[in-house]
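Below is one structure, written out as structure tokens, with a few remarks after it.
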Amino acid sequence: MVAAYFDQFNIIPIFSIWVYGGSIGSPFWINGEFFCVSNTLFMMSFAVFLFYTIGAKGVNGGSLIPNRVLTGLELIYSHFYTVLKDNLGNKGGNYLAFVLSLFILILFGNGLGLFPYVFTPTVHMVITLGLSFAIIMGTTLSGLITFRLNFFSILMPQGAPLALAPLLTAIETLSYISRAISLGVRLAANISSGHLLFSIIASFAWKMISTGILVGSFVPFAILIFVTILEMAVAIIQAYVFTLLTIVYLRDTVELH
Ligand SMILES: *[C@@H]1O[C@H](CO)[C@@H](O)[C@H](O)[C@H]1NC(C)=O
């Protein structure tokens, strides 16, 4: 019974593409399951597809007058452009496409998951940690390429006494590495605990109805409606927090403090 609360997080295959063939012994020889589309992959692809569909509506036949969709998209676009310029200076604009894609992917992953029976890809740490580790590895490589060995100066706070250097660099190195973990864990933990809350309260309400406590079941239903509204806000907030922290971490690639 308890395990049922976690059933909503199961990664299951939706369909597989089976490939038999290739000349035997060649590097491209495949015999068996080649490509499996899981509910995770499906939902993330659907999020991208949905955004393209919405974006196509915004193009409005090439009209110069923006419609409602385009106005909404431009609001998101110009907001992140301003945040990037404020945090990273003029070079910030280079990251606009990346930051926008990240925000849209997480926002749609969280948001679509609020519909009943829809799988939420962002509840899995393999997805969120995959994103956050890729981001931190990317900023580290980009910083090393831009500043060469000077990049390591971010591990020593400016103006600190030299005697404390061994201790401070150790602490700063730890905090630099833990960025990758905290960024991913924050998103997955918050979204999955929200979904657990849904299923626990809903099963509580269902049990009250099925045992004949009809009037009393109003209380868990009222809580469920409140939690739903809260989770709608959390879906947007967590996508925004993830993106904003990514922008802060990207600052290391354009300037050393
Ligand atoms: C998720 O995080 C938000 C703050 O960003 C918090 O208000 C909310 O209660 C959290 N949700 C859960 C289920 O922990």
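When you go through 194, 138, 130, 184 one by one, which is the residue that is surrounded by fewer than 15 Cβ atoms within 10 Å (Cβ to Cβ), among the small types (Gly, Ala, Ser), in a helix (DSSP H, G or I) and within 21 Å of the chain's Cα centre (by Cα)?
Within the list 194, 138, 130, 184, the selection yields 130.
Which of the numbered conditions does residue 188 fail, given that it passes all the others? Conditions: (1) more than 13 Å from the ligand (Cβ to nearest atom); (2) in contact (Cβ under 8 Å) with a residue 24 or more places away in the chain.
Result: residue 188 passes all but (1).
Could you grab me the full set of residues in segment 146-170 that are farther than 16 Å from residue 249 by Cβ and of a type in the set (A, V, I, L, M)?
149, 156, 160, 162, 163, 164, 165, 167, 168, 170
For residues in segment 199-225 being part of a helix (DSSP H, G or I) and over 21 Å from residue 8 (Cα atoms), which is nearest to the ligand (Cβ to nearest atom)? Step through it out loud before you land on a result.
Let us first name the residues in segment 199-225 that are part of a helix (DSSP H, G or I), namely 199-210, 218-225.
Still in the list and also over 21 Å from residue 8 (Cα atoms): 208-210, 218-219, 222.
Numbers: 208: 22, 209: 24, 210: 26, 218: 23, 219: 19, 222: 18 Å.
That would be 222.
Here is a list: 250, 168. Which entry is out of contact with any Pro (no Cβ under 9 Å at 6 or more places or on another chain), part of a helix (DSSP H, G or I) and at pLDDT 90 or above? Talk me through it step by step, then tell me what you get.
On the way: 168 fails: out of contact with any Pro (no Cβ under 9 Å at 6 or more places or on another chain).
Selected residue: 250, the only one of 250, 168 that is out of contact with any Pro (no Cβ under 9 Å at 6 or more places or on another chain), part of a helix (DSSP H, G or I) and at pLDDT 90 or above.
Confirm whether residue 250 is within 16 Å of the ligand (Cβ to nearest atom) and either under 25 Å from the mean Cα position of the chain (by Cα) or buried (at least 17 other Cβ atoms within 10 Å of the Cβ) (or both). Working first, answer last.
Details: within 16 Å of the ligand (Cβ to nearest atom): no; either under 25 Å from the mean Cα position of the chain (by Cα) or buried (at least 17 other Cβ atoms within 10 Å of the Cβ) (or both): yes.
Answer is no for this residue.
The values are calculated or read from the model by the stated rules, or taken from the named source; none is laboratory data. The shown structure was predicted, so the numbers you read here are calculated from the model rather than taken from an experiment. Quick reminder, even Gly has a Cβ in these numbers, built from the backbone with ideal geometry, and neighbours come from all protein chains shown.
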